[in-house]
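What follows draws every value from the coordinates through simple rules; no lab data is involved. These numbers were taken from a predicted model, which means no experiment stands behind them. Note that we place each Cβ from the backbone using ideal geometry, even for glycine, and neighbour counts take in every protein chain shown.
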Amino acid sequence: MRGMREIERRGGPGGTRSEAQAEEHAHPFPGARIGVVIPCYRVAKQIERVVAGIPAWVETILCVEDKSPDDTLAVLDALRDPRVRVLRREHNGGVGAAMQTGFEEARRLGLDIVVKMDGDDQMDPAYLPQLVAPLYHGRADMTKGNRWADGRALRQMPLVRIVGNTGLTFLVKFASGHWGLFDPANGYLALRTDVLGLLRKRLPDRYFFESGLLIELGIQRALVLDVAIPARYGDEHSSLSITRTLLGFPPRLLHGFLRRIAWRYFLYDFGAVSVFLLLGLPLLLIGAAFGCVLWYTMDAQGSYASSGQVMLAAMPIILGFQMLVQAIVLDIHNAPKVALCGDLGPRTPD
């Protein structure tokens with residue numbers, strides 16, 4: 001009897017499995033090699049539960065131990081799931097560095113799709129099919145979770161995260177060119193490994209990873225889609241720092257915005273947006289500078305500027321501002337609409 005139960009569990013010859021078991025182990029994306037990368041830092045209490053919840057059709061689970069000071073490494077070594085590969089970093093580099101280690105291994109293994117899941121059990125594996133499906137069918141190059149789509153789940157989100165994400169959303173849209181996205185800080189994402197080979201710059205090592213990835217994908221015009229996925233909050237500890245976010249994000253986003261504009265509208269292409277930027281920004285700056293000098297001069301002399309002098313300052317400002325607004329409108333219109341990667345599904349005979 002014991003031997004028979006073992007055969008049935010493994011599904012060997014002569015064994016039987018229920019329809020529920022067969023459905024659980026069926027691959028919803030035949031022909032695709034799918035893996036999950038989990039950055040592991042201070043997740044000793046949650047990581048075993050996270051790995052156990054990943055469905056059987058995921059081929060490989062890459063757990064990147066990021067020099068965690070707790071028992072995370074010991075827990076990972078004790079896992080008995082044959083899909084788990086533990087990658088150990090010699091120095092703590094943050095989520096971005098851990099993900100790059102996982103991405104490199106995923107490409108080396110020849111995986112088609114890689115999913116990022118955190119090790120703190122905030123990300124429900126039940127939504128993995130929704131994340132993977134657009135990538136499998138060639139409708140997107142990357143998908144990411146959007147917690148704003150579920151009002152009930154949103155009420156469970158800490159207030160500090162709601163306030164921070166509201167302002168961050170617009171800034172990341174502006175910098176990355178993905179104007180249709182929400183919740184840019186959401187780390188539950190999946191992408192085609194083919195796209196990773198197109199990125200021209202090493203991704204940020206730490207907390208700026210998700211935003212930096214979106215900016216680099218925007219430079220390549222990769223298509224990113226939102227997937228409605230509510231977050232789960234349990235006994236994990238949030239490493240969100242308001243001060244670090246307020247001081248660190250704007251300069252990095254500005255740098256990313258300038259990189260995207262330079263590559264997208266001056267190196268890869270030159271069009272209407274390029275002309276509006278080349279004319280609009282100098283006109284705005286010249287008008288503003290002339291207006292400041294004129295105001296200072298007139299104030300020092302105790303006199304008033306003539307209408308002609310006022311117009312000389314106002315017209316460049318108005319024209320420059322309108323050109324820059326038009327450049328933004330065209331940038332929104334130029335947001336990626338077609339995926340770079342093709343369909344991974346089985347081909348039907350002609």
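The calculated FRET efficiency for D124 paired with E90, based on their beta-carbon distance and R0 = 30 Å, is about 0.40. Among V95, V172, the ranking by other beta carbons within 10 Å of each residue's beta carbon, starting with the fewest, stands as V95, V172. The modelled label-to-label distance between S307 and D269, using points 7 Å beyond Cα along the C-beta direction, is 4.4 nm. Sorted largest first, the spans of the alpha carbon positions of region 270-333 along the three principal axes are 48, 15, 15 Å. Counted by neighbouring Cβ atoms within 10 Å, the residues K337, K67 run from fewest to most as K337, K67. Short to long, the 10 Å bins of the Cα pair-distance histogram for region 180-234 hold 19, 55, 22, 3 percent of all pairs. For region 25-247, the direction-averaged projected area of the alpha-carbon convex hull comes to 11.8 nm². For the pair region 62-76 and region 272-350, the centres of their Cα atoms are 49 angstrom apart. The lysines whose alpha-carbon is closer than 18 Å to the alpha-carbon of K337, local same-chain residues fewer than 8 away aside, are K144, K173. Available extension along the chain between L258 and L319 is 19.8 nm, counting 0.36 nm per residue and deducting the alpha carbon span. Hey, with R₀ at 45 Å, roughly what FRET efficiency would K67 and V160 work out to, going by the Cβ-Cβ distance, to 0.05? That pair, K67 with V160, gives E of 0.95.
For region 25-247, averaging the sequence separation of C-alpha pairs within contact (under 8 Å, six or more residues apart) and dividing by the residue count gives a relative contact order of 24 percent.
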